[in-house]
Every structure is written in structure tokens, then in C-alpha cells.
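The values are calculated or read from the model by the stated rules, or taken from the named source; none is laboratory data. These numbers come from a predicted model, not from an experiment. Virtual Cβ from ideal backbone geometry, glycine too; neighbours counted across all protein chains shown. Side chains included, ligands, DNA and RNA excluded: accessible areas come from the protein's heavy atoms. Shrake-Rupley method; radii C 1.70, N 1.55, O 1.52, S 1.80 Å.
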Amino acid sequence: MPSASTTASTPVIVGAANPVSLASLDSSGAAETPDPRLAPSSPGFRRMSFALFAAGMATFALLYSTQALLPAISAGLGVSAAQASWTVSASTGALALFVLPLSALSERFGRRTLMTYSLVVAVVLALLIPFAPDVGWLIALRAVQGAALAGLPASAMAYLAEEVRPKALVAAIGLFVAGNSIGGMSGRIVTGWVAQLWGWRVSLGAVALMALLCAAVFRLMLPKARNFRPGTLSPRVLAKTVGTHLADPLLRRLYAIGALFMTVFGAVYTVIGYRLVEAPFSLPQGVVGSIFLVYLVGTVSSAGAGKLVARTGRRGALYLAVTTTAAGLLLSLSHSLAGVLAGLVLITAGFFAGHAVASSSVSHTARTGRAQASALYQSSYYLGSSVGGTLGATAFHAGGWNGVVALGLLAVVGVTAITLYGTRCARAERRTSLVVANS
């Protein structure tokens, strides 16, 4: 892991580095050329922020639209929890596979264009999904939808890096991420309550209409790109860059940490609905959907990750994140609803903090090809979500909630082992540097 002296959390940028540089005063003392990028005080900045907030809402509302509905889908289609979980895993898995190639396409055809087409395709599929005749069709449509949605994270961060002034970049990215979080949470809550009243198919239709409105707002509000410069698609260069990143031991560890954290999170939130609708809780579908309000805890913990790193270092922050997650998993074994909710709060806080630290460490570590390094992290992250959802459902079928907790603790042990190994490597490097400096 990076050294403990590294402080602020760096946003993940997916796409090319900003090709526009600030002009400086010339040798004759002429006035500095105005920065063409958007400033926070400009109307264009506000329009752009609102547009990408809407896009983030649509993306995550659609991506996880079936997660709160899995018990209802199981009952409606007569399938097991493991089969129903594929309606989530197929979507996140396809997104993971397509993030990298779509990030390359955005270099050639533009961020705004790719984001628009991605949203349009995803919304059209969302309008068709409620009519899926069986679980096979539902899973297939969700997989295609996940592939389409990969165009959003592949382009949004790069668009911001190119169109927004550096001092305003963190705030702009924060609004996009907030849209992701609120979209994922609101989508689950809407589906839960609508399903309780009118069934899971109508609830998926409601999310589709919400996403359609968000997509319309996005297209109408997003300013045209002024600083994008088309690049060439070179599979050879892309493959070389990806190979370089995968050959880096530190980056490989970070990718594994992201995948393992998301395995825990995906398993817990894919299966928690099944546990809460059963005895002794026997909660209605609408209340189960409202459980996802716990996501607000993750919004706070990820935002505070930078301060945590400043105090404890990146590895220290990761140790705290895994400890919090493990404590939450153990607390979730409680037979009281209050205990389960408290466990979910700790799991969510630990996961989001760990994810924020790991993702920012990727940007800090990669000296070249940061776009591809970040895309690889997102691929491993969403693959972890896909694997976690499927394994979590299988574990629940085999051993109940105890099986899910055991799976989560195994992933947490993996994160701890990787972080300990990174600590040992960092200490060895420091000793070597001291020997060289004193020789």
C-alpha cells in the first residue's frame, strides 16, 4: 500500500487525462489566458453538475433495481434465491467487463456522446424488462443493460476532468458520486414500496420511468464538450498499458482489495431481503426496501475517508475499515432487528471507507495510464459485486445467514492478509532505502 504519509483521498478518473493545460504568463508579461473550463460560479457549471447528478441517479437506480425485489422475484417466477440473484450479478458483471473497452471508445467518439447512448440503451431495456416472461429472459436483459451502463463510469469522470477547473473538480465529482449513492438508494426504496402495492413488475416499470426522466434531464442540461480532443483507438497501446498495470504488484493488491470488499457488500445486500421477510422478522416488502436508507451512512464514511487517511495513513485506514466491517458482520447475527440494523450500519460504513481508500490509492500509485488503472479497479470492483451476490445467495441457501456471514468474514480475512503483506513489503522497501542511503 502507499505510504502512511499520503493524505488526501484522490477521486477516481476514468478516461483520458485532461488535455487542456492552464496557460501561464508569457515572457513579455502579457496577461494570463483565461481558463476555458467551467468555474463553480458559471451557469454552465451548475447545469453540468445537475445533469451528471441525474445521470448518476439513473445509472445506479437501474443497475441495482432488482436487488430489493429478489424475494418477490423468487416467489413470482418460482426460482431459488441463487437463481434470482443472477438478475443483479449479470448486470454488475457485464458492467465490469465493458468498463475498459467503453473507456477506450469514449476517447474516440467523445464522453457526452457515449454517455447519451449508454443511458438511452439502458432506459429502453428498462422499459422492456418488466415484460420478461421468465427468469432466463430477465437475466439476459439485465446483462445487456449492465453492459450499456458501463459507458457512464467510463466517461463521466473524464468529462469532468476535461471540462471543469481543477479547483472545482472534487466538488463536481462529489455531486456525481452523490447521484450514484442516492440513485442506488432511492431505486431500491421505490421498488420495495411499489412492489408491496402492485407487484415487482410494476415496480421495475416505475424505476424505468424514473430513469427516463433522469436521462431527459441529463441530455437537456449537460453542456457540450468544449475541451475534448478525439484520440485514436489503438488496441496494441491499450493492451500494453493494461499489461503494465497488471504486472504491478501494488496495483494487483489494490484491485484484489476492491473486489473482496465488494464481495462482502454484494453478498450482504443481495441476501438481506430474504432474511428480513422470513421469521422472526417477517417484514413487508416496502419496509425491506427502506432498509437501504443505511446507504446514507456509506455516503458519510466515504466522504470522511480523506481525513481518516490523514490521521492513520492508508494502511491504517484499511485496517480500521476491515475491523468495522467484521464487527458489523458478527453483529448482524443478532436475532433482534435493532442488532441486524446496527450490523448493517457498520458493514456499510466499513465498506465505503475501504472502497474510498483503495480506489484513491490506485490513482496515487499509477504514474502513467491512470484512466486504464482506474478502469481496471472498477472492473475488479464490479466483478466482486457479481461474485459476492451469487456466492452470497448460494451460502444463504446452504447455511442461512450464518453462511453469508462466514463468506463475508472470509473476504475480510483476505483484505487483512493483503494489507498485512503490503505493510511488510513497505517496511522492507524502507529498510533497503536506508541501507542504500547509508552506504
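Quick notes
- Top-ranked residue of region 42-89 - restricted to ones that are open to solvent by 10 Å² or more (accessible area, probe 1.4 Å) and touching a strand residue (DSSP E or B) at 6+ places or on another chain (Cβ under 8 Å), ranked as nearest to residue 224 (Cα to Cα): 44
Listed here are the residues, each with its yes/no results for (1) at pLDDT 90 or above; (2) among the aromatic types (Phe, Trp, Tyr); (3) within 25 Å of residue 156 (Cβ to Cβ); (4) in contact with a helix residue (DSSP H, G or I) (Cβ under 9 Å, 6 or more places away or on another chain).
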residue	(1), (2), (3), (4)
21	no, no, yes, no
26	no, no, no, no
45	no, yes, yes, yes
53	no, yes, yes, yes
67	no, no, yes, yes
80	yes, no, no, yes
96	yes, no, yes, yes
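- Flag if residue 260 is at pLDDT 90 or above, open to solvent by 30 Å² or more (accessible area, probe 1.4 Å) and under 21 Å from residue 382 (Cα atoms): yes
- Scanning region 213-255 for residues that are within 21 Å of the chain's Cα centre (by Cα) and within 18 Å of residue 121 (Cα to Cα) gives 214, 215, 218.
- Of the helices (runs of 4 or more DSSP H) lying entirely inside region 104-170, the ones with 3 or more residues being under 19 Å from residue 85 (Cβ atoms) are found at 135-149.
- Inspection of region 244-262 finds a residue satisfying the criterion of being free of Cβ contacts under 8 Å to residues at least 40 places away in the same chain and assigned to a helix (DSSP H, G or I).
- Test result for residue 132, open to solvent by 10 Å² or more (accessible area, probe 1.4 Å) and more than 20 Å from residue 219 (Cα to Cα): no
- Residue 229 being surrounded by fewer than 17 Cβ atoms within 10 Å (Cβ to Cβ), charged (D, E, K, R) and over 30 Å from residue 421 (Cβ atoms): yes
- One residue stands out among those in region 113-125 that are within 20 Å of the chain's Cα centre (by Cα) and in contact (Cβ under 8 Å) with a residue 40 or more places away in the chain: the one that is surrounded by the fewest Cβ atoms within 10 Å (Cβ to Cβ), which is 116.
- Enumeration of residues in region 94-108 that are small (Gly, Ala, Ser), touching a Leu at 6+ places or on another chain (Cβ under 8 Å) and open to solvent by less than 10 Å² (accessible area, probe 1.4 Å): 96, 106
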